[in-house]
1. Met124 is checked against (1) at pLDDT 95 or above; (2) open to solvent by 70 Å² or more (accessible area, probe 1.4 Å); (3) among the hydrophobic types (A, V, I, L, M, F, W, C) and fails just one. What number does that condition carry?
2. Within the stretch 116-140, track down each residue that is hydroxyl-bearing (Ser, Thr, Tyr) and part of a loop (DSSP other than H, G, I, E, B).
3. Do we find that Ser113 is in contact with a Lys or Arg (Cβ under 9 Å, 6 or more places away or on another chain), among the hydroxyl-bearing types (Ser, Thr, Tyr) and within 23 Å of Cys166 (Cα to Cα) in this structure?
4. Take the stretch 1-45 and flag every residue that is surrounded by 15 or more Cβ atoms within 10 Å (Cβ to Cβ), farther than 13 Å from Leu69 by Cα and of a type in the set (Gly, Ala, Ser).
5. Name the pairs: first residue in the stretch 97-121 and more than 15 Å from Thr55 (Cβ to Cβ) and open to solvent by 40 Å² or more (accessible area, probe 1.4 Å), second residue aliphatic (A, V, I, L, M) and outside any helix (DSSP H, G or I), Cβ to Cβ under 8 Å, at least 6 apart or on different chains?
6. Output the residues belonging to the stretch 61-88 that are without any contact (Cβ under 8 Å) to a residue 60 or more places away in the chain, surrounded by fewer than 19 Cβ atoms within 10 Å (Cβ to Cβ) and of a type in the set (Gly, Ala, Ser).
7. With the condition being among the polar types (S, T, N, Q), I'd like the helices (runs of 4 or more DSSP H) fully within the stretch 1-85 carrying at least 2 qualifying residues.
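The values are calculated or read from the model by the stated rules, or taken from the named source; none is laboratory data. All values derive from a computational prediction rather than experimental measurement. In this analysis, Cβ positions are derived from the backbone assuming ideal geometry, glycine residues included, and neighbour counts consider all displayed protein chains. All accessible areas refer to the heavy atoms of the entire protein, side chains included, with ligands and DNA or RNA removed. Shrake-Rupley method; radii C 1.70, N 1.55, O 1.52, S 1.80 Å.
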Amino acid sequence: MMRRLRDIFADESTFAIGAELVTTRGIIMQEDSARIVQFADDLCQDDDVHWISVTDNAGGNVMLAPDHLGRRIVDHGKNALIHITCKDSNRNALESAAWKYASEGLENLLVISGDYPIDGFNGMAQPVFDIDSVGLLQMLRDMNQGLRIRGRKPNTYLHLDKTDFCLGCAVSPFKLTEAEQMMQYEKLKLKARSGANFVIPQLGY
């Protein structure tokens, strides 16, 4: 039986190892996509890999949504970590995607603001950023607690069933100035208070 990612992180005797996959633009059957799928399948067979992370339009480029590959990873008995970003969708679309992920057993989410789009169909897409990563973490935390929404009748409210997301966030320890770096740490504290269960630092060169 697959160990849940939150249990792996809580186990101090386990040195957790993850791998990140970037999807491609186009259908999953095309040649370059098929290589990514095969690589994902190979990683799923490696007992030393505890989770596989799947990006969401990485670098602002249009790519296959991460949940398709995420479902395949989970079906192969490995934890999938789905990136969910704020750049392409408003809060309603993000909530809708979260309900979809929860319904399909994709419980591990890396919550990030995302990169500005750099390309799209017939030009550059308009970035959204209706909420940022802190706001999205707060929404997903509230969904875990049982989201309270307005009912159809005046002054009535409904409590939706609780989700069970394991929420992660990112932080960059590689800013150019002290002021920029301190802002990263202050925002990290906000992310922790807003529901982040784990942190993945970005790489610097």
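1. Result: Met124 fails condition (1) only.
2. Tyr116, the sole residue that qualifies.
3. Spelling it out, Ser113 is indeed in contact with a Lys or Arg (Cβ under 9 Å, 6 or more places away or on another chain), among the hydroxyl-bearing types (Ser, Thr, Tyr) and within 23 Å of Cys166 (Cα to Cα).
4. Answer for the stretch 1-45, where residues must be surrounded by 15 or more Cβ atoms within 10 Å (Cβ to Cβ), farther than 13 Å from Leu69 by Cα and of a type in the set (Gly, Ala, Ser): Gly18, Ala19.
5. Asp119/Val62; Asp119/Ala125; Phe121/Val62
6. If the condition is that a residue be without any contact (Cβ under 8 Å) to a residue 60 or more places away in the chain, surrounded by fewer than 19 Cβ atoms within 10 Å (Cβ to Cβ) and of a type in the set (Gly, Ala, Ser), then Ala65 is the only one that fits.
7. 31-44
For every residue, the table says whether it meets (1) aliphatic (A, V, I, L, M); (2) at pLDDT below 95; (3) more than 25 Å from Ile8 (Cα to Cα).
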| site | (1), (2), (3) |
| --- | --- |
| Arg152 | no, yes, yes |
| Phe165 | no, no, no |
| Ala192 | yes, no, no |
| Val199 | yes, no, no |
